[in-house]
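Note sheet for the following structure.
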Amino acid sequence: MNSIVFIGLKLLKERKRQALVSVMGVAIGVAAYIAMSSIMNGFQKYFIKQAVDVNAHITLKVEEADDPDRILKAAYGSDIIADVVGSKPKELKDKITEYKQIIKRYDNDPRIVGIAPHLTGQVIITYGTKEKSATMLGIEPAPERAASVVDEYLEYGDLDKLVSDRNSIVIGKILARDLGIRERGKKVTLVSPSGGIYTLKVVDFFNSGITSIDQSRVYINLRTLQAILDKPNQVNELIIRVKDVNEADVIADQMTADTGYYAESWQEAFGNFLQIFKMQHWMTYMIIFAILIVSAFGIFNIMMMTVLEKKKDIAIMKAIGYEDSEITKIFVSQGLLVGVVGAVAGSLIGFGLQEWLESLDFELQGLMRVSGFILDRDPYYFLYGAVFAITFSFLASFYPSWRAARLFPVDIFRSGG
Amino acid sequence: MILEGRNITKDLRENPILRGISIQIDSGDFVGIVGASGSGKSTLMYILGLLDEPTSGEVLMDDKVIDFRDKKLLSGLRNKKIGFVFQFHYLIAELSALENVLVPMIKNGMNKEEAHERCYNLLSGFGLKGKEDRKPYQLSGGEQQRVAVARALANDPEIILADEPTGNLDSKNSRIVMDIFLELNHKGRAILMITHEIEMAEETNRVYEIKDGLIIS
């Protein structure tokens with residue numbers, strides 16, 4: 001056995017209890033990192049996937065707001081510095097007039113998988129004595145399938161019924177529950193903004209897991225909604241599905257510039273959530289960092305005590321030929337060993353925690369509706385956890401080890417040890 | 001010449017401790033150095049043992065001048081060519097008697113079987129057979145010092161430097177250690193022993209007396 005490892009192990013073995021405490025500190029830090037990362041990223045990835053899939057990678061909308069400087073800029077150029085204190089907005093567009101040309105234009109773009117037209121509008125739905133406001137989404141099933149994954153979230157997969165029976169709807173699961181509709185085939189009454197009353201049949205339920213969507217969304221045939229809202233041949237939204245979701249913001253910017261409509265990427269639409277997730281990441285990692293720092297101090301403490309207690313041994317080791325670098329390695333090896341054992345133990349505990357968390361079965365309703373924890377079991381969490389732990393352990397043991405190597409043996413021999 | 005010091009001086013915080021000492025030790029020599037406390041005998045041993053650097057003068061090993069800036073060379077020479085015995089045994093408490101003797105050998109890269117065999121032979125030669133696995137605290141003072149002597153001989157060094165090796169022992173154990181040294185010297189091993197016990201020094205081949213940093217006789 002290598003002399004450095006041999007002596008390092010022997011010294012550590014004599015401090016079993018303190019070493020065990022440090023190992024446990026490191027292990028808890030690693031296990032916490034693995035479990036927390038799995039839960040947090042699992043939830044976030046699931047949320048983003050669901051939200052992005054259910055909504056759209058890019059939504060092309062009519063312009064949302066006017067530019068109050070537009071007249072000044074038109075008159076004096078875009079370089080003008082002006083403080084506009086008030087402006088009457090010009091009439092907002094409420095439809096995408098040339099949507100067929102836009103669809104045609106991007107049809108062959110290799111970055112785009114599908115484009116579907118939407119007409120959206122707010123209505124009141126009544127079932128028996130209950131009434132709820134809902135967001136109607138007028139769709140064409142075929143392009144909708146290409147541009148979204150709506151089929152995945154239908155309980156009966158009957159989206160095509162919107163075509164065969166134009167007076168049918170697919171209703172959000174929570175909205176249906178709130179209205180008291182438990183089975184399909186029920187007829188609901190719909191009141192349009194202009195006061196028109198329509199009777200429609202529920203043919204399917206939509207259950208994405210995202211509470212805000214499931215409690216408000218209703219799918220309906222595009223033509224039917226156009227008739228209800230008195231907007232013949234109009235659409236006010238195009239949804240676009242892209243090949244690479246990470247490219248959505250770039251494509252959206254380009255579409256905004258190309259079409260003059262406002263293209264919103266999923267990154268922009270869920271910007272607030274992404275920001276919250278980022279903060280959540282920071283807070284979690286700071287807690288884990290604190291755990292690892294505490295265990296690093298534990299290692300530092302053991303190493304400093306060992307060095308102080310082992311002055312005589314360091315002196316004799318130098319006398320019998322050990323170099324400064326070897327003395328450093330003897331002590332660093334102890335810190336590293338604590339780190340490695342802690343990382344292995346932490347990984348095992350982390351794996352056990354993942355198994356346990358995954359086995360839990362409970363219903364959770366908040367931002368999303370989930371049964372149990374959704375874990376992201378990326379093996380890299382184990383790798384990162386181990387790397388953090390070993391790095392912290394190395395850093396914590398380095399200074400005491402360096403101090404040990406700098407001891408001058410003659411001083412210790414002179415003082416009689 | 002195994003070990004030679006030429007006109008060695010050493011100042012500690014501007015106080016001269018050694019003031020020009022020259023000494024030669026050849027194989028088979030048993031040199032005793034006596035002197036009062038603070039006369040500079042231990043300082044001389046630390047310099048000859050390459051643990052400390054002289055302020056001026058030269059140390060030669062096997063007729064080669066030692067470059068004190070080359071720390072790797074100094075460590076290597078201490079490991080292979082010099083064996084140290086101190087007044088206190090300085091055994092590593094966590095290691096057994098055998099492991100303490102093993103430490104210089106594994107540093108020297110000796111193979112495991114050979115090192116273990118040599119450890120057993122050394123320890124049994126010093127009356128420690130059956131006690132190889134004992135920790136230092138399980139041994140008597142005399143036994144601890146014998147393990148320290150065995151450790152000094154681990155890599156079969158050319159010379160043993162001993163600083164008051166019997167200073168912490170009773171007369172019986174002092175005698176045992178001294179007899180070991182005499183036997184080693186008899187077999188040709190060079191020994192430099194620092195002592196303040198005149199009767200011990202008289203058993204060596206050559207005695208130097210140091211006073212105020214100078215050899216006076």
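Derivation of every value follows stated rules applied to the coordinates shown; laboratory data play no part. Bear in mind the structure is a predicted one, so any value in this text is a computation, not a measurement. Reconstructed Cβ throughout: ideal geometry from the backbone, glycine too, with neighbour counts over all protein chains shown.
The table below gives the values:
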quantity	calculated
At R0 = 45 Å, FRET efficiency that the Cβ-Cβ distance of B:Asp170 and A:Phe297 yields, to 0.05	0.45
About the Cα centre, charge dipole magnitude for the protein assembly as shown (Lys/Arg +1, Asp/Glu -1 at Cβ), debye	1000
Estimated FRET transfer efficiency (A:Tyr156, A:Asn2; beta-carbon r; R0 60 Å; 0.05)	0.35
Highest-fluctuation residue, B:Pro165, B:Pro157, B:Pro16 considered, GNM on chain B with Cα pairs under 10 Å	B:Pro16
Set A:Lys10/B:Lys107; A:Lys132/A:Lys278; A:Lys95/A:Lys186; A:Lys16/A:Lys310; A:Lys49/A:Lys187; A:Lys10/B:Lys80 screened for pairs whose C-alpha atoms are more than 27 Å apart	A:Lys132/A:Lys278; A:Lys95/A:Lys186; A:Lys49/A:Lys187
Added length on full extension, which subtracts the Cα-Cα distance from 0.36 nm per residue, B:Ser37 to B:Ala93	17.3 nm
Chain B - convex hull of alpha carbons, volume per residue in Å³	120
Antiparallel bridges, percent of DSSP beta bridges restricted to the stretch A:138-274 (to nearest 5)	55
P(r) tail fraction, the stretch A:334-381 - alpha-carbon pairs more than 12 Å apart, %	70
Two-site label geometry, A:Asp378 and B:Arg134: point separation in nm, points 7 Å out along Cα→Cβ	6.0
For the stretch B:5-71: relative contact order, % (alpha-carbon pairs under 8 angstrom, 6 or more apart)	36
Distance cut-off 27 Å, percentage of C-alpha pairs in the stretch A:1-144 lying past it	65
Filtered GluC sites (Glu not before Pro), the stretch A:8-72: DSSP coil and at most 12 other beta carbons within 10 Å	A:Glu64
Estimated inter-spin distance, B:Asp26 and A:Asp79, nm [label 7 Å along Cα→Cβ]	9.9
Among A:Asp378, A:Asp151, A:Asp313: highest mean-square fluctuation, GNM of chain A, C-alpha pairs under 10 Å	A:Asp313
Calculated FRET value between A:Asn167 and A:Val62, using beta carbons and R₀ = 25 Å, to 0.05	0.35
Cα-based helix-to-principal-axis angle, B:71-80 vs chain B, degrees rounded to 10	50
Taking N as its residue count, the alpha carbon Rg of the stretch A:265-414 over 2.2 N^0.38 Å	1.53
GluC sites (Glu not before Pro) within the stretch B:1-108, DSSP loop, no more than 11 other Cβ atoms inside 10 Å	B:Glu14
Relative contact order computed over chain B (Cα-Cα under 8 Å; 6+ residues apart), in percent	33
In sequence order, calculated HN-Hα J values of the stretch A:42-47 (Karplus, 6.51, -1.76, 1.60; Hz; x Gly/Pro)	x, 5, 5, 5, 5, 4
Those chymotrypsin sites (Phe, Trp or Tyr not before Pro) in the stretch B:1-77 that DSSP places in a loop and that have at most 16 other beta carbons within 10 Å	B:Phe68
Rounded to whole Hz, the Karplus (6.51, -1.76, 1.60) HN-Hα couplings of the stretch A:284-292, x for glycine and proline	4, 5, 5, 5, 5, 4, 5, 4, 5
Shape metrics for the protein assembly as shown, restricted to C-alpha atoms - Rg then Dmax, Å	42.5, 127
Label-point separation, A:Phe408 to A:Val387 (7 Å along Cα→Cβ), nm	4.2
Alpha carbon centroid spacing (whole Å) that separates the stretch A:144-177 from the stretch B:1-63	97
Chain A, relative contact order in percent, only Cα pairs under 8 angstrom and at least six apart counted	27
Binned Cα-Cα distance frequencies in the stretch A:173-215 - 10 Å width, integer %	27, 46, 26, 1
Net dipole in debye of chain B [+1 Lys, Arg Cβ; -1 Asp, Glu Cβ; about Cα centre; nearest 20]	420
Interatomic Cα distance distribution for the stretch A:204-258, bins of 10 angstrom, percent	18, 29, 41, 13
Translational diffusion of the stretch A:110-247, µm² s⁻¹ [Kirkwood Rh, Cα pairs; Stokes-Einstein; 10 °C; 1.306 mPa s]	106
